[in-house]
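> I am attaching a structure below and will ask some questions about it afterwards.
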Amino acid sequence: MNKLLFVTSNQGKLIEVQSILQPVGFAVDSINLELTEIQGDQAEVAKHKALEARKSVSDSLVVEDTGWYFEAYDNFPGILARQMAQSIGIDGLLKLLEGKSHSAHVLTIAAFLPAGETEPLLFTGKCSGQITQDKTEAHPRLPYDSIFIPDGGNCTFGQMTREETNKYSARRKAFEELANYLTKYKKE
């Protein structure tokens, strides 16, 4: 089985990625690295994280970057989603949307950097939906899950089981793209 290091300290993310990549022959372990987040578009951020991780890891590695985007605001909060949730809170974000479109999407970019390579490959997953009027329960590290209902869903991510969330997960979609690539890559 091939090995891949996923740069994350989040065990939930690790379990999700393992469930996608192990069936295609990749053992996934995690490594916790403090990576600098640059300002730029999300693809630039993901690439930078992978290249920064390469300084500490020579094996094949993958990093991911997730952003939340409100249709009412151009590229906002985007890559600043965590900082915005921490500074003005979910209630503050809901206030910003009063009287505006509540359409939104979450975008995950997985940057895969094979051992010996210097240019990351990017894989993207997107989930569109609506921001609610009021927040519901969610994991404290996933505050947007309390206000986001994916298209086709009837409740927020925070109200769904892990299995239900997996049907819509932008992370899952990005890593399934990576799994498809790795399956093809292994055959060549």
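> Go through segment 80-119 residue by residue and tally those that are under 26 Å from VAL28 (Cβ atoms) and surrounded by fewer than 16 Cβ atoms within 10 Å (Cβ to Cβ).
Going through segment 80-119 one residue at a time, the tally reaches 5.
> To continue, here is another question. Could you check segment 133-158 and list, in sequence order, the residues that are surrounded by 17 or more Cβ atoms within 10 Å (Cβ to Cβ), not acidic (Asp, Glu) and not in a strand (DSSP E or B)?
Within segment 133-158, LYS135, ALA138, PRO143, TYR144, SER146, ILE147, GLY153, THR156, PHE157, GLY158 meet the criteria.
> Can you say whether ALA111 is assigned to a loop (DSSP other than H, G, I, E, B) and either modelled with pLDDT of 95 or more or over 30 Å from ASP59 (Cα atoms) (or both), as far as the supplied structure shows?
It is false that ALA111 is assigned to a loop (DSSP other than H, G, I, E, B) and either modelled with pLDDT of 95 or more or over 30 Å from ASP59 (Cα atoms) (or both).
> Evaluate the following for LEU122: is it under 21 Å from LEU14 (Cα atoms), crowded, with 21+ Cβ neighbours inside 10 Å and in contact (Cβ under 8 Å) with a residue 24 or more places away in the chain?
Here the answer is no, as LEU122 does not meet what is asked.
> Going by the conditions given, is LEU178 outside any helix (DSSP H, G or I) and in contact (Cβ under 8 Å) with a residue 60 or more places away in the chain? I'd like the intermediate steps shown before the answer.
Working: outside any helix (DSSP H, G or I): no; in contact (Cβ under 8 Å) with a residue 60 or more places away in the chain: yes.
Considered against the rule, which asks whether it is outside any helix (DSSP H, G or I) and in contact (Cβ under 8 Å) with a residue 60 or more places away in the chain, LEU178 comes out as no.
Here's the yes/no breakdown for (1) of a type in the set (A, V, I, L, M); (2) in contact with a Cys (Cβ under 6 Å, 6 or more places away or on another chain); (3) in contact (Cβ under 8 Å) with a residue 24 or more places away in the chain:
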residue	(1), (2), (3)
ASP29	no, no, yes
GLU34	no, no, no
LEU51	yes, no, yes
LEU61	yes, no, yes
GLY67	no, no, yes
SER87	no, no, no
SER103	no, no, yes
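> Hey, could you check segment 118-131 for residues that are assigned to a loop (DSSP other than H, G, I, E, B) and modelled with pLDDT of 95 or more and say which is nearest to TYR69 (Cα to Cα)?
Per the stated criteria, the residue is PRO120.
> Within segment 32-79, can you find the residues that are within 18 Å of THR124 (Cα to Cα) and exposed (fewer than 14 other Cβ atoms within 10 Å of the Cβ)?
GLY40, ASP41, ASN75
> If you don't mind, there's one more thing I want to ask. Kindly indicate whether THR165 is under 18 Å from ASN75 (Cα atoms), of a type in the set (S, T, N, Q) and not in a loop (DSSP other than H, G, I, E, B).
Taking the combined requirement at face value, the residue does not satisfy it.
The values are calculated or read from the model by the stated rules, or taken from the named source; none is laboratory data. The structure displayed is predicted, hence computed values, not measured ones. Positions of Cβ are generated from backbone atoms using ideal geometry, with glycine treated the same way; all protein chains shown enter the neighbour counts.
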